[in-house]
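Step one of this worksheet: look at the structure below.
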Amino acid sequence: MTMRPIRLGMVGGGQGAFIGEVHRLVSRLDGQFELVAGALSSTPERARASGQALGLNPSRSYDDYQKMAVREARLKDGVEAVAIVTPNHMHAAPAIEFLKRGIHVICDKPLTATMSEARKLAKAAAQSDALFVLTHNYTGYPMVRQARAMVARGDLGKIRLVQVEYVQDWLTERLEATGSKQAEWRTDPARSGLGGALGDIGTHAYNLAAFVTGQEPDAVAADLVSFVPDRPLDDNAHVLLRYAGGAKGMLWASQVAPGNENGLRLRVYGDKAGIEWAQEDPNHLWFSPFGEPRQMLTRRGPGAVAEANRVTRVPPGHPEGYLEAFANIYVEAARAIRARQAGKGWSHDVEFPTLRDGLSGMRFVEACVQSSRRNAAWVTM
């Protein structure tokens with residue numbers, strides 16, 4: 001029996017918004033969701049034009065997320081889940097509006113702009129029966145799932161070193177002064193929050209390392225800087241990491257490193273072996289047992305584990321990339337939503353980032369900012 005798509009709404013993501021279009025693409029890749037309503041912009045004309053371009057029923061194209069939440073909750077065929085793809089400062093309020101009406105929330109990262117907003121959102125989520133999913137989408141890659149499984153089963157031994165970086169170059173010049181809306185809000189503390197590059201991409205790197213290793217640092221020492229004049233938020237972050245189990249790590253996040261487009265890379269080393277993965281070469285995972293030749297593991301190839309294969313769509317040698325990995329978060333969310341609607345629990349192998357991951361990322365940003373203001377002093381998470 002074919003299941004009908006889950007009715008999806010969207011807040012933000014109107015015409016010209018990169019991440020909104022990505023969410024729409026990946027939500028429908030596997031036929032699990034159908035966009036039926038949206039408050040795509042707070043500007044009435046833009047909201048109307050964006051809804052029309054997407055073929056939304058005019059009666060379900062809103063210019064106010066509160067009106068949308070109230071009306072959709074009353075409709076017999078109202079939205080069952082909503083994707084929030086606004087700038088950081090507009091994550092909490094819409095999420096709370098929908099959560100308190102029992103509508104599942106799929107929210108772009110980071111969780112919020114401030115820790116106080118994050119706490120309010122956490123309280124609303126705890127009081128709601130609806131799910132909260134955070135789209136740290138890089139955890140959806142099959143070879144990231146492979147890496148996580150290998151660490152968990154002890155292939156690397158006791159973890160000693162964690163090296164993660166997320167490096168771009170698009171803010172090397174003061175792009176925010178040229179009218180670029182994407183650059184404007186990311187460099188504005190009122191909309192982005194405490195972190196610039198740290199909050200935008202550093203949280204992805206932090207989350208990836210935590211997901212694969214199963215560990216979060218208990219202390220950080222951070223050196224944050226804005227190299228571009230008159231930029232109020234960091235555009236480069238170097239962070240030392242200390243783990244309770246004795247491991248040490250380093251995280252580098254930069255948006256001012258010429259020649260780097262989307263360089264998310266992770267290396268983890270234990271006392272038996274190491275692994276390396278790069279987002280720009282996502283179908284391969286390097287495994288290096290001590291004293292033996294390096295091995296290149298491939299998606300759905302020899303040695304692939306069940307955790308990786310269950311989020312793989314096509315045979316080995318047929319590349320899967322960013323959109324497929326992102327879509328895996330939506331597929332996992334759909335499985336959990338359908339289970340919740342049926343009054344059941346979902347399978348233990350269903351994996352998606354949650355509010356807990358978002359709160360951890362917020363604590364990480366807050367601790368790094370505190371550390372940097374104290375001349376890179378160690379700060380407990």
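The values are calculated or read from the model by the stated rules, or taken from the named source; none is laboratory data. Because the structure is a prediction, the values reported are computed rather than measured. Please note: Cβ atoms are built from the backbone with ideal geometry, for glycine as well, and neighbour counts cover all protein chains shown.
Of note:
- Of all residues in region 125-153, those satisfying the criterion of being touching a residue at least 60 places away in the same chain (Cβ under 8 Å) and not hydrophobic (A, V, I, L, M, F, W, C) are Asp129, Thr135, His136, Asn137, Tyr138, Thr139, Gly140, Tyr141, Pro142, Arg145, Gln146, Arg148.
- Test result for Ser27, modelled with pLDDT under 95 and among the hydroxyl-bearing types (Ser, Thr, Tyr): no
- Whenever a residue of region 346-357 is over 14 Å from Asn328 (Cβ atoms), its partners that are part of a loop (DSSP other than H, G, I, E, B), lying with C-beta atoms within less than 9 angstrom and at least six residues away or across chains, give the pairs Thr354/Leu131; Leu355/Leu111; Asp357/Lys109; Asp357/Leu111; Asp357/His136.
- Selection count, region 69-128, where residues are over 21 Å from Ser360 (Cα atoms) and assigned to a loop (DSSP other than H, G, I, E, B): 10
- Checked against (1) within 19 Å of Tyr269 (Cβ to Cβ); (2) touching a His at 6+ places or on another chain (Cβ under 7 Å), His136 passes all but a single condition, namely (1).
- Selection of strands (runs of 3 or more DSSP E) fully inside region 255-320 by the criterion of at least 3 residues being more than 23 Å from the chain's Cα centre (by Cα) returns 284-289, 295-298.
- Val105 meets the conditions (1) free of Cβ contacts under 8 Å to residues at least 60 places away in the same chain; (2) surrounded by fewer than 21 Cβ atoms within 10 Å (Cβ to Cβ); (3) of a type outside the set (Ser, Thr, Tyr); (4) not assigned by TED's automatic domain parsing to the domain that holds Thr213 in every case but one. The failed one is (2).
- In region 19-68, the residues that are in contact with a helix residue (DSSP H, G or I) (Cβ under 9 Å, 6 or more places away or on another chain) and part of a loop (DSSP other than H, G, I, E, B): Leu29, Asp30, Gln32, Leu40, Ser41, Ser42, Leu54, Leu56, Asn57, Tyr62, Asp63, Asp64
- Filter pass, Ile201 being among the aliphatic types (A, V, I, L, M) and over 19 Å from the mean Cα position of the chain (by Cα): no
- Every residue from region 144-169 that is out of contact with any Pro (no Cβ under 9 Å at 6 or more places or on another chain) and in a helix (DSSP H, G or I): Arg145, Gln146, Ala147, Arg148, Ala149, Met150, Val151, Ala152
- Looking only at residues in region 323-345 that are assigned to a helix (DSSP H, G or I) and without any contact (Cβ under 8 Å) to a residue 40 or more places away in the chain, the one that is surrounded by the fewest Cβ atoms within 10 Å (Cβ to Cβ) is Ala339.
- When residues of region 187-199 are limited to those that are without any contact (Cβ under 8 Å) to a residue 60 or more places away in the chain and surrounded by 22 or more Cβ atoms within 10 Å (Cβ to Cβ), the one farthest from Val167 (Cα to Cα): Thr187
- Flag for Thr135 being touching an Asp or Glu at 6+ places or on another chain (Cβ under 7 Å), within 30 Å of Val305 (Cβ to Cβ) and buried (at least 16 other Cβ atoms within 10 Å of the Cβ): yes
- Of residues in region 210-228 being in a strand (DSSP E or B) and either of a type in the set (D, E, K, R) or out of contact with any Cys (no Cβ under 6 Å at 6 or more places or on another chain) (or both), the one surrounded by the most Cβ atoms within 10 Å (Cβ to Cβ): Leu224
- Applying a threshold of 9 Å to beta carbon distances and a minimum spacing of six or more residues, or different chains, the list of pairs starting in region 200-217 at a residue that is under 12 Å from Val162 (Cα atoms) and ending at one that is surrounded by fewer than 22 Cβ atoms within 10 Å (Cβ to Cβ) and among the hydroxyl-bearing types (Ser, Thr, Tyr) reads Tyr206/Ser360; Ala210/Ser360; Thr213/Tyr243; Gln215/Tyr243; Glu216/Tyr243; Glu216/Ser360; Pro217/Tyr243.
- Within region 361-374, residues that are in contact (Cβ under 8 Å) with a residue 12 or more places away in the chain and at positive phi reach no partner that is surrounded by 21 or more Cβ atoms within 10 Å (Cβ to Cβ) and acidic (Asp, Glu) with beta carbons closer than 6 Å at six or more positions or on different chains.
One line per residue, one yes/no per condition, for (1) over 30 Å from Arg160 (Cα atoms); (2) out of contact with any strand residue (DSSP E or B) (no Cβ under 9 Å at 6 or more places or on another chain); (3) of a type in the set (S, T, N, Q):
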site	(1), (2), (3)
Glu292	no, no, no
Val305	no, yes, no
Leu323	yes, yes, no
Ala333	yes, no, no
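- Test: residue in region 353-366 that is closer than 30 Å to Leu240 by Cβ, touching a Leu at 6+ places or on another chain (Cβ under 9 Å) and among the acidic types (Asp, Glu): yes
- Test: Gly195 is modelled with pLDDT of 95 or more, within 25 Å of Asp349 (Cβ to Cβ) and either in a loop (DSSP other than H, G, I, E, B) or among the small types (Gly, Ala, Ser) (or both): no
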